[in-house]
1. Based on this model, can you work out whether ALA104 counts as out of contact with any Lys or Arg (no Cβ under 6 Å at 6 or more places or on another chain), assigned by TED's automatic domain parsing to the domain that holds SER337, modelled with pLDDT of 95 or more and buried (at least 17 other Cβ atoms within 10 Å of the Cβ)?
2. Filter segment 229-287 down to the residues that are surrounded by 12 or more Cβ atoms within 10 Å (Cβ to Cβ) and among the polar types (S, T, N, Q), then identify the one that is nearest to the chain's Cα centre (by Cα).
3. May I ask you to list pairs of residues, at least six apart or on different chains, whose Cβ atoms are under 8 Å apart, with the first in segment 429-449 being over 24 Å from ILE78 (Cα atoms) and the second being surrounded by 19 or more Cβ atoms within 10 Å (Cβ to Cβ) and of a type in the set (Lys, Arg)?
4. Just name the residue that is farthest from GLY377 (Cα to Cα) out of those in segment 49-79 that are in contact with a Phe, Trp or Tyr (Cβ under 7 Å, 6 or more places away or on another chain), among the aliphatic types (A, V, I, L, M) and at pLDDT 95 or above.
5. Report yes if some residue within segment 37-48 is outside any loop (DSSP other than H, G, I, E, B), over 16 Å from ALA125 (Cα atoms), assigned by TED's automatic domain parsing to the domain that holds TYR117 and at pLDDT 90 or above; otherwise report no.
6. Suppose we keep only residues that are modelled with pLDDT under 90 and surrounded by 16 or more Cβ atoms within 10 Å (Cβ to Cβ) within segment 518-536. Which one would you say is nearest to ARG450 (Cα to Cα)?
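The values are calculated or read from the model by the stated rules, or taken from the named source; none is laboratory data. Computed from a predicted model, the values in this text were never measured in an experiment. With ideal geometry, Cβ positions are generated from the backbone for all residues, glycine too; neighbour counts draw on all protein chains shown.
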Amino acid sequence: MILAILCVIGVGLRVARFDKLAIEHFDEGVYASNVYAEQLAPLMGTDVYPSRHLYAPPQFPWLCEIAVRLGGTPDAAIWVNLLFGSLMIPLVWCVARDQLGPVAAIVAAGLCATSDYHIFFSRSALTDISLGFWLLLAVWLAARGMHSGRGLELIGAGVAAALAWWTKYNGWLAVLIPLGGAGLAWGMDRLMRARVEEPGASALPLTRALGRWSVIAVVAALLWSPVLYDLQSVGGYASVAANHKTYLVGIAGWWNGVRMHMGYLGLLTSVIGVGGVVLVIAILARCRGAISGKAAITLLGMIFALALTGAGVTWGCGALLAIVLIASAWNTASSESRLIWAILIVWWLGLSLTTPLYRPYARLSLPWLVASWLLVGVACERLTANPLLHLRFYVGMFSLPLSICLLAQFVGPPETLSGSRFISELPMPAHRTGMRTVVGQITHEIEMARESMKPSQATGYDAAVYVVGEPALYCHLCQATQDRFVIVPGPSMAVAAPMGGTYLPKFIVTGSHVPDAEIEAALGSGQIEAIWEQNIPVSDMVAIDSAGLGEVTYRGPRKGRGLIHNTIKIRVFRIRD
């Protein structure tokens, strides 16, 4: 009954007002474009968006393609994440209930169902929501299989890890995290001198753990090998690695990355996330004996911290509290509990340290957030399981994370003092239709410009339109004009090549991803002529990718919500004959 309530709430929040959703992000356009790129395969030499392999392995674009074909519109690609984002709620419940306890299940699933951040990205066609689903499934099955040795669970973990890897190139984390967890559990057993089978013995000998993990790794590697083979035609995995390397910021950018990710999580915290914690407390209070006073106090403190500092700082501090509680209970816990605890700690600490080394895109925090929910659930489970925990010890553990929360509100540049509000606007419903809406104006301007140009000699087509640097706009233009225009994703402003020797009036459409210097150079050469431009609204899904630290960092209730630049300039050019 509780799971059903959480699922109804969580699914409802994710699918609300689907009419306000549309493909608008650059990467969304790449993933949703397979259907339209196939139509230009003879012209482009490929049936996918140019350089699509650099953005993701093939699985997620394939799923988007299926959704687009079924829905008949590029916006249907969002169905994929609506599905996996909704399925994440019962998955979190099952993982926590099976491995961590009933209180942890309610807390973790409740936080997942009402997570502003997860809701926000579930309403997109980006890879990270689906990655989080497969990653959690793989880790759960790996924990079960490595402890029990059951072949089906080990193979299932390998299959789930492969699916995570097929979804995103860092899906190999689903293989590495269980290995790190097994190593940490073995090390902690040695350090704490846990007495389980015999004095000084480990509950799960390292050699046995490595043997079972190797089954997972081999299955995942074999199932992922077709992706590696397919990459050989486009330069191999080295081309992907070289592209990813350009996004690394290294140690020098680590602290800025931490602040950006905490800022993103705070920026998107709304009354839904705060209300979710209230809902969790109400459910636990309704279940007689399900929660101790200390666990309730912890959650109440998190409501205050969540409203003041956002989800990143709050759940991060909750995870730190869980780690302290895990360490204090290590010697008395079962071997199964110690293994899953170690896996979650490796997951959370590993991503806490490595995620900020990459260019700070908001969506990269999602796998970290999943581990945080589960660790907060562990903290509440341990506080409930040990109601006699010494008050002074508890206050000492809880005051440090809470102090960090309070301190975090004063960390931020002066410009965040303006454009303030207590908590952010709701992550839904939010208009994401600007890119789709502007298509009508673009086609009107092209039709007007065509009147002063020679008529097309191509049968069935009135003009060729090169869309440079805006794959989302490319999808929408294909959907709206594929029976009249040849829509081509142009690699740069220098796209005046003939269409197989047949004359067509040619146009270029650009957005925010073409440098002004490149446009000015093309205009200066006399090859193109500007015929129309307009600023169009975009949602935070697009805007936060280019936002600076001062636009996403906040000081408690004084959030810089109004500072993000939520418009981009769309331009149309005529290529001179």
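1. no
2. Ranking the qualifying residues of segment 229-287, first place goes to THR269.
3. Cβ pairs passing all conditions: ALA449/ARG574.
4. Out of the qualifying residues, it is ALA67.
5. For segment 37-48, residues outside any loop (DSSP other than H, G, I, E, B), over 16 Å from ALA125 (Cα atoms), assigned by TED's automatic domain parsing to the domain that holds TYR117 and at pLDDT 90 or above: absent.
6. Step by step, filter segment 518-536, then rank; the result is ILE528.
Here's the yes/no breakdown for (1) modelled with pLDDT under 55; (2) assigned to a strand (DSSP E or B); (3) polar (S, T, N, Q); (4) within 29 Å of THR567 (Cβ to Cβ):
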{"position": "TRP348", "(1), (2), (3), (4)": "no, no, no, no"}
{"position": "LEU351", "(1), (2), (3), (4)": "no, no, no, no"}
{"position": "LEU374", "(1), (2), (3), (4)": "no, no, no, no"}
{"position": "ARG392", "(1), (2), (3), (4)": "yes, no, no, no"}
{"position": "ARG436", "(1), (2), (3), (4)": "no, no, no, yes"}
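Rundown of residues vs (1) at pLDDT 90 or above; (2) within 30 Å of ALA96 (Cα to Cα); (3) surrounded by 20 or more Cβ atoms within 10 Å (Cβ to Cβ); (4) in contact with a strand residue (DSSP E or B) (Cβ under 7 Å, 6 or more places away or on another chain), yes/no style:
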position	(1), (2), (3), (4)
THR384	no, yes, yes, no
GLY396	no, yes, no, no
VAL411	no, no, no, no
SER418	no, no, no, no
SER452	no, no, no, no
ALA463	no, no, yes, yes
VAL468	yes, no, yes, yes
CYS475	yes, no, yes, no
